[in-house]
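The values are calculated or read from the model by the stated rules, or taken from the named source; none is laboratory data. Keep in mind the model is a prediction, meaning the values are calculated, not measured. Cβ placement follows ideal geometry from the backbone for every residue including glycine, while neighbour counts extend to all protein chains displayed. What goes into the accessible areas is simple: the full protein's heavy atoms, side chains included, and nothing from ligands, DNA or RNA. Shrake-Rupley method; radii C 1.70, N 1.55, O 1.52, S 1.80 Å.
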Amino acid sequence: MQDILDKWKIKVNYSTLLGMWNESHRYYHNQSHLVDMLSQINESRSILKSQKDYEKLVLASLFHDIVYYPSKTNNEEMSSSFFLNLCQEKNQDVLDINQMILDTKTHESNSPLSSLFNSFDMNIVERDYESLLEWEEGIWREYQIFGRDKYKEGRLEFLENLLDKYPNNSTNLLKIIDHVKSY
């Protein structure tokens with residue numbers, strides 16, 4: 001990873017980024033999520049148009065949740081700023097990566113590459129019930145600062161919105177919704 005950071009003239013050590021991904025308040029948005037994203041990117045490498053697209057996806061992964069505080073509503077913007085502040089060059093490729101980071105706020109994509117990136121970020125919702133339960137437990141631990149009732153209200157709204165977007169996994173999503181309702 002350091003070689004990609006250096007090639008793109010991004011002045012940060014990979015170990016510094018990993019330290020941020022491993023902050024103690026992260027239970028889902030942590031290094032495991034990053035590794036999962038990077039694995040999906042590597043598995044999809046053959047469908048990418050170029051090495052540059054691969055590197056853009058890797059860099060977007062490294063920075064998309066680099067700043068993450070559940071109590072804040074501007075994590076994507078803070079992650080974007082953090083990324084841009086480390087970039088010595090602000091060319092179109094860097095701006096594309098930055099937009100992918102920002103697109104993760106709503107998962108509305110501004111480019112085909114961003115659409116692919118968002119599918120990696122949200123891939124968890126297409127997995128089996130055990131994976132969804134692990135995801136839910138991590139999110140709950142991150143957001144428990146808001147209290148059970150407020151969390152439950154917001155989380156149910158989010159999960160119910162996913163049913164229309166991911167109908168192929170509705171059975172498992174409905175089980176997670178029932179799990180959250182039981183809080």
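The C-beta contact set for segment 150-175 (first residue assigned to a helix (DSSP H, G or I), second residue of a type in the set (D, E, K, R) and open to solvent by 40 Å² or more (accessible area, probe 1.4 Å), distance under 6 angstrom, 6+ apart or interchain) comprises 169/126. Restricting attention to segment 137-183, the residues being small (Gly, Ala, Ser) and surrounded by 16 or more Cβ atoms within 10 Å (Cβ to Cβ) number 1. Restricting the search to helices (runs of 4 or more DSSP H) fully inside segment 1-114 and requiring at least 2 residues that are among the small types (Gly, Ala, Ser) and out of contact with any strand residue (DSSP E or B) (no Cβ under 8 Å at 6 or more places or on another chain) gives 14-21, 31-43, 51-64, 75-86. Annotation note: of 62, 132, the sole residue that is open to solvent by less than 10 Å² (accessible area, probe 1.4 Å), aliphatic (A, V, I, L, M) and in contact (Cβ under 8 Å) with a residue 60 or more places away in the chain is 62.
Comparison of 36, 93, 53 shows that the only residue that is surrounded by 13 or more Cβ atoms within 10 Å (Cβ to Cβ) and closer than 25 Å to residue 139 by Cβ is 36. Can you find a residue that is closer than 20 Å to residue 81 by Cβ, touching a residue at least 12 places away in the same chain (Cβ under 8 Å) and not charged (D, E, K, R) anywhere in segment 37-52? No, because not a single residue in segment 37-52 is closer than 20 Å to residue 81 by Cβ, touching a residue at least 12 places away in the same chain (Cβ under 8 Å) and not charged (D, E, K, R).
Every residue, every condition in (1) in contact with a Leu (Cβ under 8 Å, 6 or more places away or on another chain); (2) closer than 22 Å to residue 125 by Cα; (3) among the acidic types (Asp, Glu), yes or no:
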position: 8; (1), (2), (3): yes, no, no
position: 24; (1), (2), (3): no, no, no
position: 52; (1), (2), (3): no, no, no
position: 66; (1), (2), (3): yes, yes, no
position: 75; (1), (2), (3): no, yes, no
position: 80; (1), (2), (3): yes, no, no
position: 101; (1), (2), (3): no, yes, no
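Step by step: first the residues of segment 85-103, then only those that are of a type in the set (A, V, I, L, M) and in contact with a helix residue (DSSP H, G or I) (Cβ under 6 Å, 6 or more places away or on another chain), then the one that is nearest to residue 29 (Cα to Cα). Which residue is that? Across segment 85-103, the extreme among qualifying residues is 101.
For residue 107, the criteria (1) touching a His at 6+ places or on another chain (Cβ under 6 Å); (2) at positive phi hold in every case but one, which is (1).
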